[in-house]
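Beneath this line is the structure, given in structure tokens, with notes to follow.
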There are 2 protein chains.
Amino acid sequence: MARRPAPPPSSPDSPDDIELQFYEALRQADIDKLMSLWADEDEIACVHPGGPRVLGPQAVRASFESIFSHGAVDVQPEAVRRLVTHACAVHHMVERVQGLTREGPQTAYVVATNVYVRTPLGWRMLVHHASPGTDESGAELGDNGALLH
Amino acid sequence: MARRPAPPPSSPDSPDDIELQFYEALRQADIDKLMSLWADEDEIACVHPGGPRVLGPQAVRASFESIFSHGAVDVQPEAVRRLVTHACAVHHMVERVQGLTREGPQTAYVVATNVYVRTPLGWRMLVHHASPGTDESGAELGDNGALLH
């Protein structure tokens, strides 16, 4: 798959770069890379699908270590919508997560909101809120009243 | 309960004002008041607990009309955390939702992320992402590793 190389975490230049690295870190189960992408704030927050609110860098790190103890996460963001101001970027998307079950490969869909802020070190993640999608189609509702894919 | 009066929707002066009015509108099942609090953007997004991503003003309005067809929502935000820049504010919280079931009054907890942007008309809601909490305690994980309430 053609994909531009990710810049080093020390010189991110856009929310998209941070997001690219975030999902790479999930696919690589790379906890240090993943945590380097978050803002240096006590108030960072993460909600995993079906889980509680996780607050602060130590608790966020522990939550991802727990996930990675089961292996990497085969996840791809899709249908990303972006709302960007000078210092803040909000991305929402559908995450397609592939897993291997007893019944074979399965695909699950997760609805996610990622919030990034511009810091002295560059753009960093502030909030990752993910919740289970309603079905396997990844469908969503748009303004025309129709299901979108 | 002592609560400062909400300013009219035409002159909001902080994300907290918009948030106050958002939850008032839910408790009042007031669809016009509720929709007046959103940014005038095609990209506004809303995720109701367990639901799909809803995109755009018409679809967001329809989703709340569907909810209000069952009556008002007895909801109170709790444990609100705020991250504010000049033009963007991110609030995350636990929503306590009271409902009346056959077994009597029940309380459910919802984890929510609300994003606000500063517009020429004042602060407006950009994203409301709500997902089911894990249990009835409203517990969450903090940096000390302990459950918070």
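Residue by residue along B:40-46, Cβ atoms of other protein chains within 10 Å of the local Cβ number 3 on average.
Each copy carries A:R102; placing its label point 7 Å along the C-beta direction from Cα gives inter-copy distances of 3.2 nm, listed from smallest up. How high is the FRET efficiency between A:E78 and B:E24 when r is their beta carbon distance and R₀ equals 41 Å, given to the nearest 0.05? E between A:E78 and B:E24, to the nearest 0.05, is 0.70. The Kirkwood hydrodynamic radius of the stretch A:77-124, based on inverse pair distances between different Cα atoms, is 12.5 Å.
Distance between the modelled labels on B:H70 and A:D16, one decimal in nanometres: 4.0 nm (7 Å Cα→Cβ projection). Taking Lys and Arg as +1 and Asp and Glu as -1, the other residues whose beta-carbon sits under 14 Å from that of B:W123 total -3.
Each copy carries a label point for B:P57 at 7 Å from Cα along the beta-carbon vector; from one copy to the others these points are 4.1 nm apart, nearest first. Along the stretch B:116-131 the Karplus relation, 6.51 cos²θ - 1.76 cosθ + 1.60 evaluated at θ = phi - 60°, assigns HN-Hα couplings of 10, 10, 7, 10, x, 8, x, 6, 9, 6, 10, 9, 10, 10, 10, 9 Hz to successive residues, with x for each Gly and Pro. What residues have an amide H closer than 5 Å to that of A:R53, excluding those fewer than 5 places away on the same chain, when H is modeled at 1.01 Å from N in the peptide plane? Those lying under 5 Å, H to H, from A:R53 are B:L141.
Computed from the coordinates by the stated procedures, all read-outs in this text should not be read as laboratory data. Note that the coordinates shown come from a computational prediction; the quantities given were computed from them, not determined experimentally. Backbone-built Cβ (ideal geometry, glycine too); neighbour counts: all protein chains shown.
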